[in-house]
Each structure stands twice: as structure tokens, then as C-alpha cells.
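Structure first, then comments.
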Amino acid sequence: MKKLIFVFGLLLLFVSSHAFAQEVIASKDAKDNIGKTVQVKGKVVSIFASKNGNTYINFDEKSPNQTFTVVLFKDSAVDISNISEGKILTVSGEIKDYKGKPEIVLTKADQIISVE
């Protein structure tokens, strides 16, 4: 009986870990994944703070040719001080289309998966 419970527990752990795993895609492929909640990984090429206080992190090419953008609105409390040009950044969230370009809006610190 103990073996059966142990095997069932392992199976449950395996299934639940895969159910919450997110797909990791390259920033250049974000345009093909609009509406999906995924992790996007790519090279930061520019970080721009607008006059109204919003911050835009562009991937792969500088604006207006970026393949993907991470947006932080001015009232965001997410710390991005460790993110700089040239770093490889992985973020998580729903990819949305904004004027023909894919983006993820960061609202929580845990959306930043890694900075390499």
C-alpha cells in the first residue's frame, strides 16, 4: 500500500509540474505567439524611458525594428536596475500585440525569470 501511495505521489508531482511549465520561446518568435502566456528569451539592445515615465526594453534590434518589447508603466514597482543592454533577458507573461509589435507588460517582479 505504501508503494502505491508513493508511486501515485510521484505521478501527481510529475503531472502538476508539467501543467504549470511555460514554453520558452525566442524573442524573434514572439510575433507568432500573440495571446499565449509564455516565457520569452532574447538579447536586450535598448532600454528607453519615455517622457511620461514608461520604460521600454527592446529586443534584438533598436526601435522601430525591435522583434519584441517589455513594457513597464510609470507606476510599476518592478526593479529593472540589473537589466542592461547586451544582457540576455527571460520574461514571462501574455504576449500582446501593440501597433503590430509583440510585447509583454511587466506588472510583477516574478515575471523576470532570468538576467544573464
Among the lysines, which fall within straight-line cross-link reach of K36, defined as a Cα-Cα distance under 27 Å, with same-chain neighbours fewer than 8 residues apart omitted?
-> K28, K62, K74, K87, K96, K99, K101, K108
Gain on full stretching of the segment that runs from D79 to S50 - 0.36 nm per residue minus C-alpha separation = 8.8 nm
Along principal axes, largest first, the alpha-carbon spread of the range 22-115 in whole Å comes out as 30, 28, 23
Quick one: length gained pulling K28 to N65 fully straight, 0.36 nm per residue minus the C-alpha distance?
-> 12.2 nm
Given the C-alpha centroids of the range 34-55 and the range 83-110, what is the distance between them in whole angstrom?
-> 4 Å
Dipole size in debye (nearest 20) for the range 22-115 around its Cα centre, Lys and Arg Cβ +1, Asp and Glu Cβ -1?
-> 220 debye
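FYI, it's all coordinate maths here, none of it is from the lab. Fair warning: this is a prediction, and the values are worked out from it, not measured in the lab. Ideal geometry is used to build each Cβ from the backbone, glycine not excepted, and the neighbour counts take in all protein chains shown.
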